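Quick note: the coordinates plus some simple rules give every number you see, no bench work behind them. Model, not experiment: these values are computed from the prediction. Because the Cβ atoms are built from the backbone with ideal geometry, glycine has one as well, and the counts that use them run over all protein chains shown.
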Protein chains: 2
Amino acid sequence: MALEHAILVSLTERAGSGYELARRFDRSIGYFWPATHQQIYRVLRRMHDAGWVRHTEIAQDGRPDKKVYRVSAAGKAELARWLAEPEDPAVLRDGLGVKLRGASLGDPGVVLTEVERHRAEHAGRLAVYRGIQRRDFPEPATLHGRDLHQHLVLRGGIRAEESFVDWCDEVIDALRKDLS
Amino acid sequence: MALEHAILVSLTERAGSGYELARRFDRSIGYFWPATHQQIYRVLRRMHDAGWVRHTEIAQDGRPDKKVYRVSAAGKAELARWLAEPEDPAVLRDGLGVKLRGASLGDPGVVLTEVERHRAEHAGRLAVYRGIQRRDFPEPATLHGRDLHQHLVLRGGIRAEESFVDWCDEVIDALRKDLS
DNA sequence: AGGTGCACTGCAACGCGTTGCATAGGTAGC
DNA sequence: GCTACCTATGCAACGCGTTGCAGTGCACCT
């Protein structure tokens, strides 16, 4: 998996400029593959050199010109190739786990506060995802094709955040009991 | 969060060589912060230069010499400092989500197979974690301090893998229905 | 009049993570 | 006897991700 392919997916759905792509990554697709505008500009250039995308310069008044990118036939072929290729399952990677594991080497009370903070952050994300679900997928049972796939991805985000929040609650509860 | 701190936690629990650390990262702590021996050797050197660890060379017969590392006072101070510092909540990052989102741009049947493969991988990890739980923490209710923290981290891994497997089942079910 | 924020592109530098390779003796299986 | 894997350390190179910075012009608030 590379950022290239996430961009190809997003650009195939809708053409757009680097800036617009960065905004999209801040919402939807970036919930599962975050990227900054720097990465996106750099990769778009590379993809252009490889012939996977084409751009048309669009002059705007009151705003800087923008380059709207579109996926070429070669880009579509590359996307199909990548989709058929096996992908390495992702690994967990969360510094909070390391902190918790080392809690007794510092102040466990501070680590407890930290877990509470993370819980709040993840609960916030969960609320955002649920909001999107209510707004964009009010009737999940009727979905097919692309809409179904998008909804399933969102479901993945919801499940991951739910389970993280539940874990935080378990940790908070256990740490409080241990500290008292 | 940096690899330095994960190593400090591991080395404080028990001194060890770079190679031994790499083995530990393959098990326990690496389930939440993976690292290869290359990273570990490189970072150990940096930590040594910074005075966070000291090593003693140990000659062995039939085997290469090894350097056993120990955390210095400065290293313990750095660990305490980092533990008290707030940590950015981790973000989800899984190429499978991108693939699912783009499934209709390729062959959705192949993506379904891919989800089944990932499910098997995560179910395997889950089984490993549950095995560790049964073996090392048969009576979770009695735990305190360091053991409690370790068990809670393991619980996090179990919850994450459980929820991922459940999500895969939801996706597999939905994709099958949509394809038939 | 000044500050902040948004839209839009981009460069430069650094560090983390990955991959391939090298060395070297010991053990185990075919 | 050959292959393969384990212990043990390390170099070199590449690419991805992050951070800081730069420039331009409009809109909005104070």
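Tabulated data
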| item | result |
| --- | --- |
| B:Asp26 being more than 29 Å from B:Arg125 (Cα to Cα), within 13 Å of DNA strand C (Cβ to nearest atom) and not polar (S, T, N, Q) | no |
| Selection count where residues are of a type in the set (Ser, Thr, Tyr) and farther than 26 Å from A:Glu161 by Cα, scope the stretch A:10-34 | 3 |
| Pairs, first within 12 Å of A:Val68 (Cα to Cα) in the stretch A:41-57, second of a type in the set (Asp, Glu), C-beta under 7 Å, six or more apart | A:Glu57/A:Asp65 |
| Failed item, numbered, when B:Arg23 is tested on (1) under 13 Å from the mean Cα position of the chain (by Cα); (2) under 22 Å from B:Val91 (Cα atoms) | (2) |
| Residue check for B:Arg24: within 12 Å of chain A (Cβ to nearest Cβ) and among the basic types (Lys, Arg) | yes |
| Filtered residue count, the stretch A:1-34, keeping only those that are of a type in the set (A, V, I, L, M, F, W, C), within 13 Å of DNA strand D (Cβ to nearest atom) and surrounded by fewer than 19 Cβ atoms within 10 Å (Cβ to Cβ) | 3 |
| Checklist (1) under 18 Å from B:Leu152 (Cβ atoms); (2) under 18 Å from the mean Cα position of the chain (by Cα); (3) of a type in the set (Val, Ile, Thr) applied to A:Val153, failing item | (1) |
| Matching residues in the stretch B:29-41 - criterion: being assigned to a helix (DSSP H, G or I) and more than 7 Å from DNA strand C (Cβ to nearest atom) | B:Ile29, B:Gly30, B:Tyr31, B:His37, B:Ile40, B:Tyr41 |
| Options A:Asp147, A:Asp173, A:Asp178: the member that is in a helix (DSSP H, G or I) and either in contact with a strand residue (DSSP E or B) (Cβ under 9 Å, 6 or more places away or on another chain) or facing another protein chain (nearest Cβ under 7 Å) (or both) | A:Asp178 |
| Boolean, B:Arg101 is farther than 24 Å from A:Leu112 by Cβ and either touching a residue at least 60 places away in the same chain (Cβ under 8 Å) or surrounded by fewer than 16 Cβ atoms within 10 Å (Cβ to Cβ) (or both) | no |
| Helices (runs of 4 or more DSSP H) wholly inside the stretch B:52-136 that include at least 3 residues being under 29 Å from A:Leu100 (Cα atoms), more than 10 Å from every other protein chain (Cβ to nearest Cβ) and not polar (S, T, N, Q) | B:73-84, B:108-136 |
| Which listed residue is within 16 Å of DNA strand D (Cβ to nearest atom) and either among the charged types (D, E, K, R) or in contact with a Lys or Arg (Cβ under 8 Å, 6 or more places away or on another chain) (or both), from A:Glu116, A:Glu121 | A:Glu121 |
| Scope the stretch B:1-21; condition hydrophobic (A, V, I, L, M, F, W, C) and within 14 Å of another protein chain (Cβ to nearest Cβ); matching residues | B:Met1, B:Ala2, B:Leu3, B:Ala6, B:Ile7, B:Leu8, B:Val9, B:Leu11, B:Leu21 |
| Criterion: closer than 27 Å to A:Asp166 by Cβ and more than 17 Å from the chain's Cα centre (by Cα) - qualifying residue of B:Arg70, B:Arg93, B:Arg119, B:Arg63 | B:Arg119 |
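Table: residues versus (1) farther than 29 Å from B:Gly16 by Cβ; (2) within 16 Å of DNA strand C (Cβ to nearest atom); (3) of a type in the set (S, T, N, Q); (4) surrounded by fewer than 16 Cβ atoms within 10 Å (Cβ to Cβ).
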site: B:Leu83; (1), (2), (3), (4): no, no, no, no
site: B:Val91; (1), (2), (3), (4): yes, yes, no, yes
site: B:Gly95; (1), (2), (3), (4): yes, yes, no, no
site: B:Gly106; (1), (2), (3), (4): yes, no, no, no
site: B:Tyr129; (1), (2), (3), (4): no, no, no, no
site: B:Ala141; (1), (2), (3), (4): yes, no, no, yes
site: B:His144; (1), (2), (3), (4): no, no, no, yes
site: B:Asp147; (1), (2), (3), (4): no, no, no, yes
site: B:Ser163; (1), (2), (3), (4): yes, no, yes, no
